[in-house]
1. Output the 0 to 90 degree angle, nearest 10, between the alpha-carbon long axis of helix 190-205 and the longest principal axis computed from the alpha carbons of the chain.
2. For the residue pair residue 229 and residue 195, what label-to-label distance in nm results when each label sits 7 Å from Cα along the Cα-to-beta-carbon direction?
3. Which FRET efficiency value, to the nearest 0.05, do you get for residue 61 and residue 112 by plugging their Cβ-Cβ distance into 1/(1 + (r/R0)^6) with R0 = 22 Å?
4. Which one, 203, 39, 173, has the greatest fluctuation when you compute a Gaussian network model over the chain with C-alpha springs under 10 angstrom?
5. Relative to 2.2 N^0.38 Å, what does the C-alpha radius of gyration of the chain come to as a ratio? Two decimals please.
6. May I ask you to compute the full-extension gain from residue 99 to residue 183, defined as 0.36 nm times their residue separation minus their alpha-carbon distance, rounded to one decimal in nm?
7. Label residue 84 and residue 156 with points 7 Å out from Cα along Cα→Cβ: what is the distance between them in nm?
8. What FRET efficiency would be calculated for the residue pair residue 54, residue 125, taking the C-beta separation as r and a Förster radius of 25 Å, to the nearest 0.05?
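Every number here is computed from the coordinates shown, using simple stated rules; none is lab data. Bear in mind the structure is a predicted one, so any value in this text is a computation, not a measurement. Cβ coordinates were reconstructed from backbone atoms using ideal geometry, including for glycine residues, and neighbour counts include every protein chain displayed.
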Ligand SMILES: [Zn+2]
């Protein structure tokens, strides 16, 4: 064992602040990332991520192996959503990975945040179908996969539910989602349906915007317009503030 170990290697919670301070003296992105991977204390990892983001101006680009090691190193059950630097780090590491690697994190990560962010990097139809058909996928994320299939690939839940070539686990989740949507649709009141019709008409023919009033906002004024047909509002910012002169 080395006589003088770097401060960041400490396992002692009482020395967490000194460890975080010592990280601020490291200038190499590779060394900082090594601290993220190897530091025993979460606070030390967080300080290294913060500094890595600062000195690379957010553009750190390691190779695939490093990305995998980095993600595993920060994959804890802790709720990390609030930590902006952590989010940057996780997204940056996921960004350069192939879809099958990213899917592994959607399925197996301990951290809910990592599972969440990983799914945001998958948008190809085949990848989404493969992921959505994995029995280990959590039901909430299977729903998100269905939403992405609709948004990115134009595959509606009803159409997936009825596609006999797809695995049952995905089809039954799609059927459930389609039913929920159809029930919601049926519950819309007549007024909501009328408003929806008007909005559709406007989308084709264009709104008939009419000036309503001037509103004071930070740094100037805004003109409020409202469509006479469907009620949609638009605001136009008014450069400067004539009252201040
Ligand atoms: Zn309109």
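1. Between helix and principal axis, roughly 90 degrees.
2. About 1.8 nm separates the two model spin labels.
3. 0.25
4. 203
5. Details: Rg = 25.5 Å, N = 245, 2.2 N^0.38 = 17.8 Å.
Normalised by 2.2 N^0.38 Å, the Cα Rg of the chain equals 1.43.
6. Values: separation 84, 0.36 × 84 = 30.24 nm, distance 3.42 nm.
Taking residue 99 through residue 183 to full extension adds about 26.8 nm, to one decimal.
7. Inter-label distance under the simple model: 4.1 nm.
8. Working: r = 38 Å, r/R0 = 1.53.
After rounding to 0.05, the efficiency reads 0.05.
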